[in-house]
1. Mind checking whether some residue in region C:189-200 is modelled with pLDDT under 95, within 12 Å of the chain's Cα centre (by Cα) and open to solvent by less than 40 Å² (accessible area, probe 1.4 Å)?
2. Quick check: anything in region B:129-137 within 30 Å of D:ILE161 (Cβ to Cβ) and modelled with pLDDT of 95 or more?
3. Looking at region B:139-150, can you tell me whether even one residue there is of a type in the set (Ser, Thr, Tyr) and open to solvent by less than 10 Å² (accessible area, probe 1.4 Å)?
4. Restricting attention to region D:210-240, report how many residues are over 18 Å from the mean Cα position of the chain (by Cα), charged (D, E, K, R) and within 17 Å of D:VAL200 (Cβ to Cβ).
5. Could you go through region A:153-163 and let me know if any residue there is under 24 Å from A:ASP21 (Cα atoms), crowded, with 19+ Cβ neighbours inside 10 Å and touching a residue at least 40 places away in the same chain (Cβ under 8 Å).
6. Being within 14 Å of chain A (Cβ to nearest Cβ), open to solvent by less than 50 Å² (accessible area, probe 1.4 Å) and under 16 Å from the mean Cα position of the chain (by Cα) narrows it down to one residue among B:LEU169, B:LEU243; which is it?
7. Taking the conditions exactly as written (at pLDDT 95 or above, within 30 Å of D:ALA164 (Cα to Cα) and not charged (D, E, K, R)), does B:ILE9 satisfy them or not?
8. Can you tell which of C:GLY230, C:GLY248, C:GLY223 is under 21 Å from C:VAL34 (Cα atoms) and among the small types (Gly, Ala, Ser)?
Amino acid sequence: MLDIDDSPIVRDGNVLILAMDHGLEHGPVDFADVPEKLDPSTVFETATHDAVTCIAVQKGVAEGYYPSYEDDVNLLVKLNGTSNLWMGEPDSAVNCSVEYAAEIGADAVGFTLYGGSNHEVEMAEEFREVQEAAREHDLPVVMWSYPRGQGLKNDTKPGTISYASRLALELGADVAKVKYPGSREAMAHAVRCAGDMKVVMSGGSKTTDREFVSTVEGVMDAGGHGLAVGRNVWQREDPTRILDALEGVIYRGETTDAALE
Amino acid sequence: MLDIDDSPIVRDGNVLILAMDHGLEHGPVDFADVPEKLDPSTVFETATHDAVTCIAVQKGVAEGYYPSYEDDVNLLVKLNGTSNLWMGEPDSAVNCSVEYAAEIGADAVGFTLYGGSNHEVEMAEEFREVQEAAREHDLPVVMWSYPRGQGLKNDTKPGTISYASRLALELGADVAKVKYPGSREAMAHAVRCAGDMKVVMSGGSKTTDREFVSTVEGVMDAGGHGLAVGRNVWQREDPTRILDALEGVIYRGETTDAALE
Amino acid sequence: MLDIDDSPIVRDGNVLILAMDHGLEHGPVDFADVPEKLDPSTVFETATHDAVTCIAVQKGVAEGYYPSYEDDVNLLVKLNGTSNLWMGEPDSAVNCSVEYAAEIGADAVGFTLYGGSNHEVEMAEEFREVQEAAREHDLPVVMWSYPRGQGLKNDTKPGTISYASRLALELGADVAKVKYPGSREAMAHAVRCAGDMKVVMSGGSKTTDREFVSTVEGVMDAGGHGLAVGRNVWQREDPTRILDALEGVIYRGETTDAALE
Amino acid sequence: MLDIDDSPIVRDGNVLILAMDHGLEHGPVDFADVPEKLDPSTVFETATHDAVTCIAVQKGVAEGYYPSYEDDVNLLVKLNGTSNLWMGEPDSAVNCSVEYAAEIGADAVGFTLYGGSNHEVEMAEEFREVQEAAREHDLPVVMWSYPRGQGLKNDTKPGTISYASRLALELGADVAKVKYPGSREAMAHAVRCAGDMKVVMSGGSKTTDREFVSTVEGVMDAGGHGLAVGRNVWQREDPTRILDALEGVIYRGETTDAALE
Amino acid sequence: MLDIDDSPIVRDGNVLILAMDHGLEHGPVDFADVPEKLDPSTVFETATHDAVTCIAVQKGVAEGYYPSYEDDVNLLVKLNGTSNLWMGEPDSAVNCSVEYAAEIGADAVGFTLYGGSNHEVEMAEEFREVQEAAREHDLPVVMWSYPRGQGLKNDTKPGTISYASRLALELGADVAKVKYPGSREAMAHAVRCAGDMKVVMSGGSKTTDREFVSTVEGVMDAGGHGLAVGRNVWQREDPTRILDALEGVIYRGETTDAALE
């Protein structure tokens, strides 16, 4: 973990990652209700909102669409990922090298680690290479820290999420993206486990505005440093409204009520 | 995905790949009715037709026959492939490096990815290396995107084909070659999932002229960018006639009826 | 094995490693009673005690916290490790390269080898690379030599611990960190098996002051060269008191009684 | 496939490889009746016969014995092979690099591919590296193309041998060494499947002079380009006589009767 | 196989390797009756006897003890090995690189190959790398050629030992170390299978002076080139006496009776 407060993906110490790698991880089904969002340009447009500190996409989307938005959007290239056609133990193919990510203009890189999977050891070794290459290119590293696989019956219980954020710190990430452990108290523990490293909440599937913003408020109160969000923004009819609210909660310390007004 | 409209394998925005890797993938049985086509020269001759934007062959055929046709044919070297003697989960050996493909004059490279196979992760990582090396050599990358393997009971249903074209976009291909999903509407969705990346239909086994050309017309109407075809051309007695028709449908927007006249 | 007596991690021929990689290996549960120690700074503070010849941490903690302590603490980067979410045969991911450890200021490196595991061969080959790279960077190598896995029913019986220390010698470590084999006599044999290489005892879970210091006294009497300790120091309310006592026993040859006064 | 007619291993368009890797592949049992042939010098002597265009041996025999024969014998280094103590699916260890083969004077290299084995993909990828390195060193590549393994009940049936020769063409070999498919017609088809690439028959176990030469005559009539032979030459009391006959059949187009006189 | 008669590890055409890697391969149990030999210096002292052409040890022992004996002892670094805690199919970790062995002063390198093991292919490929690197460093290569594993019920029967020595020749070793096949005649066949390559007998567990020296006499009569011995030397009270006898038998062609006097 290094101090990344001067990085373009951080604003006033916090982070809001707009993620759109669902076409790979989940497939077209995530776009069933919003088919226009199959065009990545639409999400890049959304990412120009000031609340968003970077967009997280896979290599192919990055090289195809980022050039048109490089002045207005910061780029996080997600380096690994796997389709949900995959039936094996949780694993994630390294789809992009750090070198290529840097070449196409990345401001940061992202990497999924499935702690507890039969592939944990292999993934941790891939992470080593990615992390050290990222250091050479001066790129912050965000770990999608998702314990999952054999032996893990519940991947959002507090102890698991706390372990997830600690793993990210120990292995050298700069930001941990973890699932919400169900309570503000549990989130506070997960944040504490990360020492001085930033912890952001992973957005998850779509909920109501109030419920979502309120959870994020809880994350911030718990000492978290923001959010990585996908469906809860780009599956909405009006992404701007929710981003306005998130901006209030994350950067201005507003309450949910104030932010939603 | 990059803009490849200026590439030799594209004509007026569209692509017609004449594929002849069946000797590896299917074996001599595909030539049972056309034994003269065992001589790769015959298919290179066919590839000189203006409708064909490139021929797709494996390394050995490329190095043996392309030199005699380099002025009249564009070369796509298919970089992986496996015999049908293989009994394991779908997999494909990387038979040629991008460097060697470039050295023998390739204008583009091709790569099969079996999403959903037990080998998906491994193949996606091989694709990463191929794709990034192709970028260095300025060679367009065509992905044979064929979900297949454990857990996939039907590899041509619409959702699978749409996922296939999206995978190609996310992972950094420039063209996705997918199977026909059974309807014009499903094809249109698959095309939409690919964003600005080109999607071409994979030809499949031999049918009648009308049926084949009509399907291609549907692909073009659905927003597709052409065709990769093998048996439906070189297994015919008169490849020129079908190529003439395909030229009309693909590049001049003709109807099947007009094109077949 | 090389002579490392001039290394910063050795004081008067002996070694006291303060280990804090529990956040990775055991998870947050080890901090349940001492939540303030989740902040790595607190353990770095403890490591400034003169008795401590180096702190052993994983890469992420090293790069985040060592810079503030580099004048007062010597750094041992533990190069491999695995979470206890891992359900497979004992294995340990190589989380940090020797090159990167050197770059962030390491004075020594550490590596776990699970002799007898199904992964023994693979781990021994990883150790070869680590050991030879460490030689290039002039960094002493400490092996956490822990026979474990299929076929090993008791990993602390005397013959196993003696084998553990011999493995470290044969494979080229400079210090072996082994579990206490249950008696002074058995420890003396383990030390003898290591030839001129140093053997230190691995601290284990928390016990009383007297019991712990007395065991260490036995290790020194048996010819051992010190201790690697974690929980028995930083899980205590007053780490200084126990370190004062260990200093007496390890470097001044005091008895437990004298040292605890 | 490249044109190798100017290579030292080709005489008037044809090839006769004297193979002696049986000590590795079959073990000493192949020498039970001719123990004097355990001394590789004896087979190198035989290889000085004008009919032989090269000797095929493993690395150790090449480096030990070729230096004494380099003026009179051309050397093909067989790059992979496995003992028959191996009980797993057909596989073949890469025992020699192309670089080392070139260094010790190889005029060509040989490689076994077991199409249809569980190791087909891995072997094909090893072949890629070998073939491309051989191109750099300007060394012709002979593929021992032997479909074998799970799912293949009969490895000499016509369709299998035709597939074998086609695989060699597609993957970039310059010569395919295949088993005799049982009839002249089947051999002719296998030759046709190889396009312009040379196909030679693999000699097999010892038979009578007439039977053996007659089979070779059939191979030549079928369009084949010669023979790779081991036991049928060096297990005989008088290798010269059979080589004289083979010279007639292979290079002068003689009938079996004429050649045996 | 190269001519190594000018190598320091050869004396008058023969070889006597004093092996002491038992601490790794067998563990401390081999030292139960001679605990003073746990100190590698004692065995290095023994290796200064003129009969010994080199000592064979693992990397860690080599780097720790050879510097004090480099004027009086020749060093063979054993490059692979595995503890007997290993429960899998026979395998051997590559514990030292050829480059590092050369750097610490090796005069030769040693490598175990378990022909017939499920790991044969992998080990043979590791041997390729080792052998070719050893050629670059001009270091003779001794193969511990030990067929073992699934399907091998008796690893010392004559046919197996003959195959073992042939494997070493074919794969490029300079000396094969094989088990005694039970009779002088069988040993003679094993020697013959090796062509011009040297074959030495592997000493095995401790026997009487007469029995041991007599077996070695048989090996020499059978055309063998010496011995690799460990326990039969350093487990004795008086290693000098047995080495004096071996010197007579191996280098002066004495009978057992004469040599033991």
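1. First pass over region C:189-200, keeping only residues modelled with pLDDT under 95: none.
Within region C:189-200, not a single residue is modelled with pLDDT under 95, within 12 Å of the chain's Cα centre (by Cα) and open to solvent by less than 40 Å² (accessible area, probe 1.4 Å).
2. Pass one, region B:129-137, residues within 30 Å of D:ILE161 (Cβ to Cβ): none.
Checking region B:129-137: not a single residue is within 30 Å of D:ILE161 (Cβ to Cβ) and modelled with pLDDT of 95 or more.
3. In the first step, residues of region B:139-150 are kept if they are of a type in the set (Ser, Thr, Tyr); the result is B:145-146.
From the residues that got through so far, the ones that are open to solvent by less than 10 Å² (accessible area, probe 1.4 Å) too are B:145.
Yes: region B:139-150 contains one or more residues that are of a type in the set (Ser, Thr, Tyr) and open to solvent by less than 10 Å² (accessible area, probe 1.4 Å).
4. Total satisfying the criteria: 1.
5. No - not one qualifying residue is present in region A:153-163.
6. Values: B:LEU243 fails: within 14 Å of chain A (Cβ to nearest Cβ).
One residue alone meets the criteria, B:LEU169.
7. Details: at pLDDT 95 or above: yes; within 30 Å of D:ALA164 (Cα to Cα): no; not charged (D, E, K, R): yes.
Answer is no for this residue.
8. On the way: C:GLY248 fails: under 21 Å from C:VAL34 (Cα atoms); C:GLY223 fails: under 21 Å from C:VAL34 (Cα atoms).
It is C:GLY230.
The values are calculated or read from the model by the stated rules, or taken from the named source; none is laboratory data. Since this is a predicted model, take the numbers as computed values, not measurements. We place every Cβ from the backbone using ideal geometry, glycine too, and count neighbours over all the protein chains shown. With ligands, DNA and RNA removed, areas are computed over all heavy atoms of the protein, side chains included. Shrake-Rupley method; radii C 1.70, N 1.55, O 1.52, S 1.80 Å.
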